[in-house]
Every structure is written in structure tokens, then in C-alpha cells.
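Below: the structure, in C-alpha cells.
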Amino acid sequence: MSRLATQLRELQAIIQDVTVNGVAASIVTPSLLRSLIYRLSGLHVETLSISPRCTFVGRKVLIKDKTFVNRGVYFDASNNIEIGSNCAIGMEVMFCTSNHVYDDPRKRAGNVKSAPIVVKDGCWIGARACIMPGVTSHNERHRPRFVKP
């Protein structure tokens, strides 16, 4: 890849970050415009209920209709994040799809690995919860339950 192509990709990433995590995340941006910016940037957002100050790192995010996302939610989309319909996501929840491999006792943080996160329809994720790679949440009889694969 040429140096110019690399610089153009870096510029595109900066513009995307400023647009999604700056303009769209602003408290003065109306929710309809926020959702439009997210969609135009490549995020799959079907709901209009995403509060300000949310951060998206990567585009592998699907948020279905009638889901509410509170302020300050962090989406580390190194892998897919899928949030179903009619969910409630509390403030400052972290969806973290990446982690480090712990296979070498001489080096605690090894290579990065990632796994998808799935939140099924109707789930509630409470404030400041950290949802780790590979977790699938279920809404079975309105009792949250988390299953690690």
C-alpha cells in the first residue's frame, strides 16, 4: 500500500471519529440527526433512542428498534456487537469485544483476541456493567442471565 493510500485511510478514520464520537455524541445534537449520522457512518442503528456521549470504536455494531441506550455507553467493536429490540442499556455500560491472551506467564498481556457480544431482545443491562468478549445475554422470563460460550 502506498504512503498516500495509508494517509488517506488515516484521514478517513479521523473524520469518522470526529463525526461519530464528536458531532453525533454531542449533547446539542438532536436524536434524529444523531441516528442519521450513525447510519451514514456505517453503524447499523435502527433506534432513535441513543443518548449523547456514547463512543463507538469500530463499525461492527447493530442496535435494533425500540432499544434505549443511555449516556456514555462505550462500544469496542473490534468484533460484532448485536443488541436486540426493546432493550435498555444503562449509563456508562462498556461493551468490550477484545481482550488479551494470557498464555505466557512472562507476559501478562499477550496478543489481542476478540469475540462477539450478543444482547437478546428485551434485556436490561444495568449502569456501568462491563460486557466482555463472547458474552450472550438472554431474557428468560424477565430475569437477566449471562452465558459465556
note = Result of the Cβ filter at 6 Å on the range 68-86, keeping first residues that are more than 25 Å from Ser26 (Cβ to Cβ) and partners that are acidic (Asp, Glu), at least 6 apart or interchain, is Gly84/Asp121; Ser85/Asp65; Ser85/Asp121; Asn86/Asp121
note = Note: among Ser49, Ser98, Ser137, just one is in contact with a Phe, Trp or Tyr (Cβ under 6 Å, 6 or more places away or on another chain), under 26 Å from Ile15 (Cα atoms), among the small types (Gly, Ala, Ser) and surrounded by 15 or more Cβ atoms within 10 Å (Cβ to Cβ), namely Ser49
task = Within the range 21-42, count every residue that is in a helix (DSSP H, G or I), in contact (Cβ under 8 Å) with a residue 12 or more places away in the chain and in contact with a strand residue (DSSP E or B) (Cβ under 9 Å, 6 or more places away or on another chain).
result = 5
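On the basis of being part of a helix (DSSP H, G or I), over 18 Å from the mean Cα position of the chain (by Cα) and either surrounded by fewer than 17 Cβ atoms within 10 Å (Cβ to Cβ) or on the phi < 0 side of the Ramachandran plot (or both), does Ala5 make the cut?
yes
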remark   = Of the candidates Arg145, Arg128, the one satisfying the condition of being in a loop (DSSP other than H, G, I, E, B) and either at pLDDT below 90 or of a type outside the set (A, V, I, L, M, F, W, C) (or both) is Arg128
inquiry  = Could you list, ordered by first residue, the pairs with Cβ atoms under 9 Å in which the first is in the range 3-20 and more than 27 Å from Arg34 (Cβ to Cβ) and the second is exposed (fewer than 10 other Cβ atoms within 10 Å of the Cβ) and modelled with pLDDT of 90 or more, at least 6 apart or interchain?
reply    = none
task = Sort out which residues of the range 1-20 are of a type in the set (Ser, Thr, Tyr) and under 18 Å from Thr55 (Cβ atoms), and write them in order of number.
result = Thr19
request  = Please name all residue pairs, on different chains or six or more residues apart, with Cβ atoms under 6 Å, provided the first residue is in the range 120-131 and is under 16 Å from Gly84 (Cβ atoms) and the second residue is surrounded by fewer than 17 Cβ atoms within 10 Å (Cβ to Cβ) and not hydroxyl-bearing (Ser, Thr, Tyr).
outcome  = Lys120/His138; Asp121/Asn86; Gly122/Asn86; Trp124/Ala88
message = Going by what's in this entry, would Val93 be described as under 21 Å from Arg59 (Cβ atoms), surrounded by 15 or more Cβ atoms within 10 Å (Cβ to Cβ) and in contact with a strand residue (DSSP E or B) (Cβ under 8 Å, 6 or more places away or on another chain)?
response = yes
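The values are calculated or read from the model by the stated rules, or taken from the named source; none is laboratory data. Given the structure is predicted, the values throughout are model-derived calculations rather than measurements. Because the Cβ atoms are built from the backbone with ideal geometry, glycine has one as well, and the counts that use them run over all protein chains shown.
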